[in-house]
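Before any comments, here is the structure.
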Amino acid sequence: MMTALLRTALTGFLLASIPATAALAYDPASSSISGNYLAGRSAAKLRDNGSASDYLTNALKADAGNPVLIEKIFLLELSEGNLSKAEEFATEVLKFNSQQRMARIVLGLKDFKGRRYVEARKNFEQSAYTPVGELTSWLLTAWSYAGEGELNQALKALDRLDTNESFANFKVFHEALIADYLGNSIRAEASYKKANEAAGTSLRIVQAYGNFLERNNRASEAQALYRAYLENDDNPLIDEALAASPKGDKPTPFIASPTEGAAEALFSLSTSMTDDQSIDAALLYIQLGISLGADDDIMYTLLGDTYESMKRYDKALAAYANVPATSPLHVNAQMEEAVALQHLDRKDEALTMLKSIVAADPKNYDAIVTLGNLYRANSDFANAAATYDQAIALLENPGPGNWRIFYYDGISHERIKQWDVAEKQFRKALELSPNESSVLNYLGYSMIEKKINLQEALEMVKKAVEMKPNDGYITDSLGWAYFQLGDYEQAVIYCEKAVDLLPADPIIAEHLGDAYWRTGRSLEAKFQWQHAKDNKPEPEDLKRIEDKLKNGLPPEQPPVTPAQNAAPKTNG
């Protein structure tokens, strides 16, 4: 999901073809400069940043002062959270690249933590030459002025963000936080209100504004704010705040120091970096936020989530393990640990962990759903169905946001051949959210396979294709619907497109072969069936495909017409 260090085409080819563990089974101490360099780049490509740093550090010993190595090691140490080493390398980086943005931010934060705010601002200002650099620089600069008690100067720094409309929410939220920290309640409330109006679904805005209201003897307003948030999104932090509020104890300030404010700025920035190109930078910002020591539970949760997005599940496990047992996010972290264990193929451990969570709290809907997801991922559809049924029983009034569990439950029941239950759950999912292409496709395709309700099934799949025209599976479903209806020319059109979209799928290739056969294109049909066989189908599918290669399709039976298919069935 992220940008990676560049490698030569030859190195990329060689290292992409062997497992990650093999690529890193390399002794840096006994290797050449080039060997360490290539191994380090390979490790970085695999996002094994710790190993990458070790290899490149060894290369640096033999090539002291190499600016490329120094800069790469700096970023790798920072991504690993080794701040003391990152600070050392940042100083070296600036000797040959005085505008290296992250080096300036790292050294600026070092000064910030030492309350050397003037020196910190000099570094921050020199990092403000890209949009994200500007946003980072002026947020941290504002908090440095807050550290000096200078509200007006802090607000002027935030005014520098007016040059970019996308910075507006950051600006108004940190205006509120700084005014609140410095005791200007009137300015704080005005900014909190504005932030809440602009982004009321933001967890941190609701937490901070509710905290402000409670500290200013307006607990009932805070509770209303919490309830409004929970109507749209369940969150253990808001649950805890709502439960504690009626007791009358005022919470500690949401931001109690400039360092916490700077950490919140880094948190705000890292959560906005969600695309493939920026998640590496998000990791750096999270590590910097953790180094400031504020809100460990939420920062480590975000760190674990980021590592999961990077598919570094071992690192995700370590991050989630740092969420304190006393935190409202602890159970959530355990659930994510279970998901990471599943990805690491430690399936029994994953199931054991989730079962223990559910046993401790049989009404934990999210944990039960996650357990069902793991059963389904392991193709244990009987247990998946039973577990999803358990979760559904907890829903008093299912809403649009619950469509997915009915869909997953339908899949599980369909796979254990309980079609009546499966169809009911699919239709419930569509009742809750009528335009879900995945449900339309699965239900439509299933009915096509069973040769029931073919006209309805055809319309469902057509609708799904309109919504996702470049989805190979859905396109194949439409081609297969036409095949079942005997419209083989149309079947060929959509099955060909599906094969273009997903050329490695054996069943889609098989379907195209069937369509070719029925249109008299027997050589092309056998080519597609051979292609399906070569793509390693499941054993039961392989037997059917091999029979087609040997014997072709049986003589055509009159297709079931939609009108006949839609006729009511008689009893007995």
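Listed by chain and number, the lysines placed with their C-alpha closer than 30 angstrom to that of Lys548 are Lys417, Lys450, Lys451, Lys462, Lys497, Lys526, Lys533, Lys536; residues fewer than eight positions away on the same chain are left out. For region 180-299, a Kirkwood hydrodynamic radius built from all Cα pairs, placed in the Stokes-Einstein relation at 37 °C and 0.692 mPa s, yields a translational diffusion coefficient of 216 µm²/s.
With a 1.4 Å probe and all protein chains left in place, how much of the accessible area of the chain comes from carbon and sulfur atoms, in whole percent? Roughly 50 percent of what the probe reaches on the chain is carbon or sulfur. So which lysines pass the test for Lys156, namely a Cα distance under 27 Å, with those fewer than 8 places away in the same chain ruled out? In chain and number order, the partners are Lys110, Lys113, Lys122, Lys171, Lys193, Lys194.
Before anything else, pin down the relative contact order of region 181-292: Cα pairs under 8 Å, at least 6 apart, normalised by residue count, whole percent.
Numbers: 86 pairs, mean separation 22.8, N = 112.
Over region 181-292, the number comes to 20 percent.
Dipole of region 369-497 (Lys/Arg Cβ +1, Asp/Glu Cβ -1, origin at the Cα centre): which of Ile448, Gln484, Asn378 lies farthest to the positive side? So the residue furthest toward the plus end is Asn378. Using C-alpha pairs under 8 Å with a sequence gap of at least 6, the mean separation divided by the residue count of region 118-180 gives a relative contact order of 26 percent. What you get for the chain, charging only the Cβ of Lys and Arg (+1) and of Asp and Glu (-1), is a dipole of about 480 debye around the Cα centre. Of the residues Ile238, Ser278, Ala188, the one whose Cα sits farthest toward the positive end of the charge dipole of region 175-301, with +1 on the Cβ of Lys and Arg and -1 on the Cβ of Asp and Glu, is Ala188. Tell me which label goes with the value of Kirkwood radius over Cα pairs in Å computed from the coordinates here: [x] 24.9; [y] 26.0; [z] 27.7. For Kirkwood radius over Cα pairs in Å, the calculated option is [z].
Helical content alone sets the calculated 222 nm signal of the chain at -22000 deg cm²/dmol, taking -39,500 (n - 2.57) per DSSP H segment of four or more residues and averaging over every residue. What region 323-398 shows is 49 Å² of accessible area per residue, with the surface traced by a 1.4 Å probe over protein heavy atoms. Accessible surface ranking for Leu440, Leu394, 1.4 angstrom probe, highest first: Leu394, Leu440. Classify region 374-517 as rounded, prolate or oblate from the Cα gyration tensor: take a ≥ b ≥ c as the square roots of its eigenvalues, call it rounded if a/c is under 1.5, otherwise prolate when a/b beats b/c and oblate if not. Since a/c reaches 1.5 and a/b is larger than b/c, the shape of region 374-517 is classed as prolate. Counting only heavy atoms of the protein chains and using a 1.4 Å probe, Arg215 has close to 50 Å² of accessible surface. Here region 225-292 was treated as a single set of alpha-carbon atoms; its pair distances binned every 5 Å from 0 give 3, 15, 16, 14, 19, 19, 9, 3, 1, 0 percent. Packing-based ranking of 456-462, 124-130 yields 456-462, 124-130, ordered from highest to lowest mean Cβ neighbour count within 10 Å.
The values are calculated or read from the model by the stated rules, or taken from the named source; none is laboratory data. Just so we're clear, the structure is a prediction, and the values are computed from it rather than from any experiment. We place every Cβ from the backbone using ideal geometry, glycine too, and count neighbours over all the protein chains shown. Just the protein is used for accessible areas: all its heavy atoms, side chains included, with ligands, DNA and RNA removed. Shrake-Rupley method; radii C 1.70, N 1.55, O 1.52, S 1.80 Å.
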